[in-house]
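Notes for the one structure printed next.
The values are calculated or read from the model by the stated rules, or taken from the named source; none is laboratory data. What you see is a predicted model; the values in this text were computed from it and never measured. All Cβ positions, even for glycine, are placed from backbone atoms using ideal geometry, and neighbour counts span all protein chains on display. Remember, those area values only see protein heavy atoms, side chains included, never the ligands or the DNA or RNA. Shrake-Rupley method; radii C 1.70, N 1.55, O 1.52, S 1.80 Å.
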Amino acid sequence: MTSSCNGTLFVVTGPSGAGKSTVISKYLTENKDVFFSVSATTRSQRIHEQNGVDYYFIKRSEFEKMLSEDKFLEHAEYVGNLYGTPSEPVFDAINKGHDVILQIEVTGALSVRKKCPDAVLIFIVPPSFSALELRLKGRGTEPDEIIRKRLEKAKTEYKAADLFDFIVVNSDVENGANELKTIIDAEKLKTKKRRNFIEV
Ligand code: ADP
Ligand code: 5GP
């Protein structure tokens, strides 16, 4: 009898302001057994963010040192800052059988697919592009110039959506979190995860 005891890697991406953090937080409050990967970044800490919870906020020199030591599963430069997924905690969790969620931008997500072909890639969008702009402005965490750059970036990111396995529409948070849950639950029912029930 074979059994699949490794967890699954879920990579959640989408334009800034789509609601990735909000939807994932909602999902995680109701699904506590899933491991959330905390990224490292050189961006400055926002007022409500906690170091070690939302991100590891580090200096560029420290980030570059980690990069040279091959400590990232993936990394990317996004609107002037570096972001990266520390690999060790992700693989530790997967090897212990936990599902893992990465919340990362599009180029990083696509590079994960090359390294981990079994990863499930999910693209989150708001119901419209104008909603994206409203959400980014409403969040109030970036100056107008950075919001403009993030919206420009979003146009390129949308063009990559076809490369993803699923699209979650974050119309309201409840719906977004339910769609994410549907995807994660369905993955657990795949044949490769249920071989142990096939006995003849
Ligand atoms: P991301 O992580 O994709 O950059 P956030 O989760 O920070 O996006 O959400 C961006 C802004 O939009 C936040 O102010 C958040 O409260 C708001 N938001 C998220 N989801 C929704 C939603 N379904 N409806 C309305 N506003 C939302
Ligand atoms: P923010 O500055 O709004 O927190 O994040 C900007 C973008 O960087 C978002 O699209 C977010 O998903 C992405 N991001 C966060 N962590 C990582 C990471 O570890 N790697 C990559 N490639 N992108 C990340």
Residue in region 15-27 that is modelled with pLDDT of 95 or more and away from ligand 1 (no atom under 16 Å from the Cβ) present: no
Residues that are within 13 Å of ligand 2 (Cβ to nearest atom) and either among the polar types (S, T, N, Q) or in a helix (DSSP H, G or I) (or both), drawn from region 95-113: GLN103, VAL106, THR107, GLY108, ALA109, LEU110, SER111, VAL112, ARG113
Filter result (under 16 Å from LYS20 (Cβ atoms) and among the charged types (D, E, K, R)) within region 134-164: ARG135, ARG139, GLU142, ARG150, LYS153, GLU157
Pair list, Cβ under 8 Å, 6 or more apart: region 20-38 residue free of Cβ contacts under 8 Å to residues at least 60 places away in the same chain, other residue open to solvent by less than 70 Å² (accessible area, probe 1.4 Å) and in a helix (DSSP H, G or I): VAL38/PRO89
Residue list for region 168-193, filter: open to solvent by 90 Å² or more (accessible area, probe 1.4 Å) and either touching a Pro at 6+ places or on another chain (Cβ under 8 Å) or in contact (Cβ under 8 Å) with a residue 12 or more places away in the chain (or both): GLU174, LYS192
Residues of region 26-77 that turn out to be more than 10 Å from ligand 2 (Cβ to nearest atom), within 26 Å of ASN175 (Cα to Cα) and polar (S, T, N, Q), as a count: 2
TYR78 being in contact (Cβ under 8 Å) with a residue 60 or more places away in the chain and within 14 Å of ligand 1 (Cβ to nearest atom): yes
Those residues of region 125-167 which are small (Gly, Ala, Ser) and in contact (Cβ under 8 Å) with a residue 60 or more places away in the chain, in sequence order: ALA154
Any hit, region 99-107, residues being among the charged types (D, E, K, R) and either open to solvent by 70 Å² or more (accessible area, probe 1.4 Å) or away from ligand 1 (no atom under 16 Å from the Cβ) (or both): yes
